[in-house]
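Asks: Attaching a single structure in structure tokens format; questions to follow.
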Amino acid sequence: MTTDPMNRREFAGAAGIAAGAAVMLGAPAIGKSAPASEKVRLVLIGAGSRGNQLLGSFLELPEVDIVGIVDVDDHHAGETAERVKKAKGNNPDATRDYRPTLDRKDVDGVIIATPDHWHALPAIQAVMAGKDVYVEKPVAHNIAEGQAMLQAARKTNRVMAVGTQQRSSSHFQKAVEVVRSGALGKVFWVQTWNYENISPTGIGKFPDGEAPSHVDYERWLGPAPLRPFNPNRFHLLFRWFFDYAGGMMSDWGVHLNDIVLWALDAKGPRSVDTTGGIFTSDDNRDTPDTMQVVYEFPECVLTYSMRKGNGLKFNGHDYGILFCGTNGSLLLDRSGFEIIPDHTVLPYGIRMVQGDRPLRKIDLKAEKVKGDDGQDPHVKNFVECMKTRARPTSDIEIAHRSTNTCHLGNISYKLGRKLFWDVETESFKNDPEANAQLRREPRKGYELPGMG
Ligand SMILES: NC(=O)c1ccc[n+]([C@@H]2O[C@H](COP(=O)([O-])OP(=O)(O)OC[C@H]3O[C@@H](n4cnc5c(N)ncnc54)[C@H](O)[C@@H]3O)[C@@H](O)[C@H]2O)c1
């Protein structure tokens, strides 16, 4: 497949990212299509836990060649390249720096599975170099980065798919159809949650130390503030620190809120109000272990609840989504969904004052649907879109909005108050203090093109 790079100045000028307002462009076609049989050559950037899970799905596809593995940890890069060799027989490059791979003419796209603070820069540089992108969720470290990614994808006409793979599970699709069909009645209340008990040790406390010699730690930090190496702030556990990610809210909340926005056909809430803290974990995280977020939509309330100090499940689910309508409820997670019909009642007080009246009959059938995993079809959809040039199932625009709900929850938590959000301009209404939280200053040398 051929590539069509765009130079940095062209992009920076055209995108006008500094204004901060998201441009939701709607052009459906994204370049020339290629025959279905044509090979797709991909490089994996970030060969840690998720990168290797994804690789399992990409290696299943006969039309995909993995031609490079990039990781700032030489062990991760080398071991993952070895895995590809065993599976496919080719010898992918194993390197520390992704930038030279973006100049390779034989690379059609990149899979980005780095920590959240390392999503935006490679994704934008990749589309500017004419590559298509599969980037992990949450879209980015902050809202401005997500806006820049969306604009870059649109400006360059490249595919930018995001790893919110639940959208490719058939039971999530069916559940969304049920909510949208009106069968539940008027849906006015939605709950999402993550509950577990890791108290009191949590991720523990470890002293700063020397970064391992097989790691380019300065580059791992990238746009994040420079600070000494600490194993708790590194592989896998980075997600519990605001310098690199957004805690449970964006790590898991994005999967849950993504489905809610889809089912409600909404771009985002009009307000957010978060409370919480670090109450049960005696560790060195700086993201909360207890959190309650209340979002308002025009005619619906959404709550996200998270606790790490008590594992009592909600109706047997330690995470999930509950849609409540005036006819009944739909309880959903990766294992499947359940429709639970409601019944109407006539309370004693009303009956005493107004007399008896017939109860509204609810005609909703109970149903249980088994779940399936969306990862393989999600990856397949990305590869197909590279050929057909169609917008992917989790296009950057969709996932950016879902990610925004998580950033909103965290910004309200940090400021300790209710905030009012304009979904069209993607900014807080008359609130310079909150708007200052839309972006963070990247470390010198790691500025986004057009944002520096
Ligand atoms: N879609 C899902 O269900 C799902 C599941 C898990 C994780 N994720 C997402 O995947 C991302 C990675 O998470 P993880 O759990 O795999 O973390 P991880 O720490 O296991 O892996 C990240 C890898 O990226 C490497 N890396 C860091 N900076 C780099 C750079 N500049 N260039 C190349 N490599 C770099 C690290 O060395 C590490 O090997 C996160 O954004 C996370 O939210 C998504």
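Just so it is clear, none of the values below were taken in a lab; they were calculated from the coordinates. Predicted model, so just to flag it, every value in this text is computed and none were measured. Backbone-built Cβ (ideal geometry, glycine too); neighbour counts: all protein chains shown.
Asks: With the Cα gyration tensor of the chain in hand, give its eigenvalues times 5 under a square root as the equivalent ellipsoid semi-axes, listed largest first in whole angstrom.
Replies: They are 38, 26, 22 Å, listed largest first.
Asks: Give me TRP252, TRP189 sorted ascending by neighbouring Cβ count inside 10 Å, so fewest comes first.
Replies: Lowest count first: TRP189, TRP252.
Asks: Oh, and also: Kirkwood hydrodynamic radius, computed over distinct alpha-carbon pairs, for segment 237-392: how many Å, to one decimal? Before the final figure, lay out each step's value.
Replies: Values: mean 1/r = 0.0522 Å⁻¹.
Radius from the Kirkwood sum: 19.1 Å.
Asks: What lysines does LYS414 reach when the alpha-carbon gap must be under 28 Å and sequence neighbours fewer than 8 apart in one chain are set aside?
Replies: LYS137, LYS205, LYS267, LYS308, LYS313, LYS429, LYS444
Asks: Shifting gears a bit: Kindly express, to the nearest 10 degrees and within the range 0 to 90, the angle between helix 143-156's C-alpha long axis and the longest C-alpha principal axis of the chain.
Replies: Here the helix axis deviates by roughly 60 degrees.
Asks: List the lysines whose alpha-carbon lies under 21 Å from that of LYS365, not counting same-chain residues fewer than 8 positions away?
Replies: In chain and number order, the partners are LYS174, LYS186.
Asks: Separation of segment 386-452 and segment 147-172 by C-alpha centroid, Å?
Replies: 15 Å
Asks: Could you give each residue of segment 231-243 its phi-based ³J(HN,Hα) in whole Hz, using Karplus coefficients 6.51, -1.76, 1.60 with θ = phi - 60°, and x for Gly or Pro?
Replies: Going residue by residue, I get x, 6, 9, 10, 3, 6, 8, 3, 5, 9, 10, 5, 4 Hz, with x marking Gly and Pro.
Asks: How large is ³J(HN,Hα), in whole Hz, for each residue of segment 357-363 in order, when computed from phi with the Karplus curve 6.51 cos²θ - 1.76 cosθ + 1.60 and θ = phi - 60°, using x for Gly and Pro?
Replies: For segment 357-363, the Karplus curve yields 8, x, 7, 5, 8, 9, 10 Hz.
Asks: Taking a cut-off of 23 Å, what percent of all Cα-Cα pairs in segment 303-412 are separated by more than that? Please list the in-between numbers first.
Replies: Values: 3527 of 5995 pairs.
Considering segment 303-412, 59 percent of its Cα-Cα pairs are separated by more than 23 Å.
Asks: Among the lysines in segment 22-132, how many pairs, 8 or more places apart or on different chains, have alpha carbons under 18 Å apart?
Replies: For segment 22-132, the number of qualifying lysine pairs is 7.
Asks: Okay, moving on. I need ARG443, ARG351 ordered by Cβ neighbour count within 10 Å, fewest first.
Replies: Fewest-to-most Cβ neighbours within 10 Å comes out as ARG351, ARG443.
Asks: 222 nm [θ] for the chain, helices only, -39500 (n - 2.57) per DSSP H run of 4+, per residue, to 500?
Replies: About -9000 deg cm²/dmol.
Asks: Give me GLU82, GLU426, GLU433 sorted ascending by neighbouring Cβ count inside 10 Å, so fewest comes first.
Replies: GLU433, GLU82, GLU426
Asks: What do you get for the angle between helix 49-59 and the principal long axis of the chain? Use alpha-carbon atoms, 0 to 90 degrees, nearest ten.
Replies: The helix 49-59 is inclined about 80 degrees to the chain.
Asks: Now for a separate question. Once Lys and Arg get +1 and Asp and Glu get -1 on their Cβ, which of ALA123, GLN147, VAL178 lies farthest toward the positive end of the dipole of segment 112-197?
Replies: VAL178
Asks: Now for a different question. Using only Cα atoms, tell me the angle between helix 170-181 and the longest principal axis of the chain; keep it within 0 to 90° and round to the nearest 10.
Replies: That helix lies at roughly 40 degrees to the long axis.
Asks: Checking a compactness column here: for segment 371-436, what do you get for Rg(Cα) / (2.2 N^0.38 Å), N being the number of residues?
Replies: Working: Rg = 16.8 Å, N = 66, 2.2 N^0.38 = 10.8 Å.
In units of the 2.2 N^0.38 Å rule of thumb, it is 1.55.
Asks: Can you list, bin by bin at 5 Å, the percent of alpha carbon pairs in segment 335-381, starting at 0?
Replies: Spelled out per bin, shortest first, that is 5, 16, 13, 12, 11, 10, 8, 7, 6, 5, 4, 4, 0.
Asks: Here is a further query. With the dipole of the chain worked out from charges on the C-beta (+1 for Lys and Arg, -1 for Asp and Glu) around the Cα centre, which of ILE112, PRO200, PHE323 lies farthest toward the positive end?
Replies: PHE323
Asks: Report ³J(HN,Hα) in whole Hz for each residue of segment 200-209, in order, from the Karplus equation J = 6.51 cos²θ - 1.76 cosθ + 1.60 where θ = phi - 60°; Gly and Pro get x.
Replies: x, 6, x, 8, x, 10, 10, x, 4, x
Asks: Same structure again: Using a Cα-Cα cut-off of under 17 Å, which aspartates and glutamates could be cross-linked to LYS368, ignoring same-chain neighbours fewer than 8 residues away?
Replies: Result set, ordered by chain and number: GLU177, ASP333, GLU338, ASP342.
Asks: Using only the Cα atoms of segment 175-310, each taken as one equal point scatterer with no solvent, compute I(q) by the Debye sum, divide by I(0), and report log10 of the ratio at q = 0.10 Å⁻¹.
Replies: The computed values of log10 I(q)/I(0) come out as -0.44.
Asks: Sticking with this one: For segment 25-148, compute the orientation-averaged projected area of the C-alpha convex hull (one quarter of its surface), in nm².
Replies: Working: hull surface 31.6 nm².
Average of the hull's projected areas for segment 25-148 equals 7.9 nm².
Asks: Sticking with this structure for a sec: Please list, ordered by chain and number, the residues whose modelled amide H lies under 5 Å from the amide H of TRP193; skip anything fewer than 5 residues away on the same chain.
Replies: Amide H neighbours of TRP193, under 5 Å, 5+ apart: SER305, GLY320.
Asks: Something else about it: Considering the convex hull of the alpha carbon atoms of segment 199-273, report its projected area averaged over all viewing directions, in nm², one decimal.
Replies: It is 7.5 nm².
Asks: On to the next question. Note the per residue figure in Å³ for the convex hull of the C-alpha positions in segment 104-193.
Replies: Given the Cα convex hull of segment 104-193, per-residue volume reads 143 Å³.
Asks: Given Cβ point charges of +1 (Lys, Arg) and -1 (Asp, Glu) and nothing else, what value in debye, to the nearest 20, does the dipole of the chain about its Cα centre take?
Replies: So the magnitude is around 780 debye.
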